[in-house]
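Have a look at the structure below, then the notes.
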Amino acid sequence: AERRIPGALRFDIDAVKDTDSDLPHMLPRPEAFAAAVGAMGIGDGMRIVVYDGLGLFAAPRVRWTFKTFGATDVVMLEGGFPKWQAENRPIEHGPPRSRAARSFTARLDHSAVADAGDIARALAEGTAQVVDARPGDRFRGEAPEPRAGVRSGHMPGSLNLPFPAIVENGQLKSPEAIAAAFAEAGVDLDRPLITSCGSGVSAAILSTALETIGKPARALYDGSWAEWGASDRPLATGPAKRG
């Protein structure tokens with residue numbers, strides 16, 4: 001049975017995406033995003049509060065998507081639905097209520113989105129650090145990727161910070177713990193950063209964490225490993241080579 005915070009709308013990251021792409025979670029075209037969220041009843045100038053069922057997993061990607069398409073007031077509910085339930089707050093059951101459509105103006109901020117060429121240049125020229133949120137065994141090439149046809153390993157020169165290292169009980173850890181985790185992964189927080197992961201979802205957790213400590217990432221690699229690992233671009237295995 002469907003359960004939600006009363007009045008909440010469902011945003012499906014597997015539906016609101018570029019349906020013409022073979023990659024799992026690429027950003028849709030601005031007009032497609034505007035049509036999808038406008039039909040949900042989300043319009044210009046509204047405050048958007050995002051949460052998910054795990055506490056902190058898909059919500060950062062949804063928040064990043066809204067912000068990348070020009071929404072200015074987008075926040076996440078701390079602790080998500082698990083915390084809401086644990087605090088015995090009201091819950092709505094059954095099908096969601098329909099809402100009147102609104103107009104949402106989508107303007108893509110291209111600078112917030114990295115592609116494979118941007119990543120290759122950043123790593124070759126040392127202009128940005130690429131931080132990968134996937135589990136260590138997949139980054140090192142010791143475990144298979146969950147998607148067919150995708151190699152195991154990482155982009156040569158990228159660093160690895162598995163996202164659970166900065167999450168506790170469905171919430172981001174303290175700013176001090178976040179900064180320490182990035183430092184331990186070999187990241188220089190005073191240099192530009194691009195986040196990456198398996199398909200562009202958990203990279204947004206790293207991006208959100210960086211924002212909370214005042215060191216926002218330059219961009220997120222939308223295709224992430226699902227794109228790079230399925231291509232013939234160079235690949236490294238083993239632990240990250242630092243500095």
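The values are calculated or read from the model by the stated rules, or taken from the named source; none is laboratory data. It should be emphasised that the depicted structure is a prediction, and the values quoted were computed from it without experimental measurement. Neighbour counts are summed over all protein chains in view; Cβ atoms, including those assigned to glycine, are modelled from backbone coordinates with ideal geometry.
Remarks
- Restricting the range 216-242 to residues that are buried (at least 23 other Cβ atoms within 10 Å of the Cβ) and among the acidic types (Asp, Glu), the residue that is nearest to residue 118 (Cα to Cα): 222
- Residue in the range 85-104 that is in the same structural domain as residue 28 (by TED's automatic domain parsing), assigned to a helix (DSSP H, G or I) and not acidic (Asp, Glu) present: yes
- Some residue of the range 169-185 being in a loop (DSSP other than H, G, I, E, B), in contact with a Gly (Cβ under 9 Å, 6 or more places away or on another chain) and modelled with pLDDT of 95 or more: no
- The one condition in (1) without any contact (Cβ under 8 Å) to a residue 12 or more places away in the chain; (2) in contact with a helix residue (DSSP H, G or I) (Cβ under 9 Å, 6 or more places away or on another chain) that residue 125 fails to fulfil: (2)
- Whichever residue in the range 3-40 is among the β-branched types (Val, Ile, Thr) and either out of contact with any helix residue (DSSP H, G or I) (no Cβ under 7 Å at 6 or more places or on another chain) or surrounded by fewer than 16 Cβ atoms within 10 Å (Cβ to Cβ) (or both) and, among such residues, is nearest to residue 59 (Cα to Cα): 37
- Among the residues making up the range 137-182, those that are of a type in the set (A, V, I, L, M) and in contact (Cβ under 8 Å) with a residue 24 or more places away in the chain are 150, 155, 159, 161, 166, 167, 172, 178, 179.
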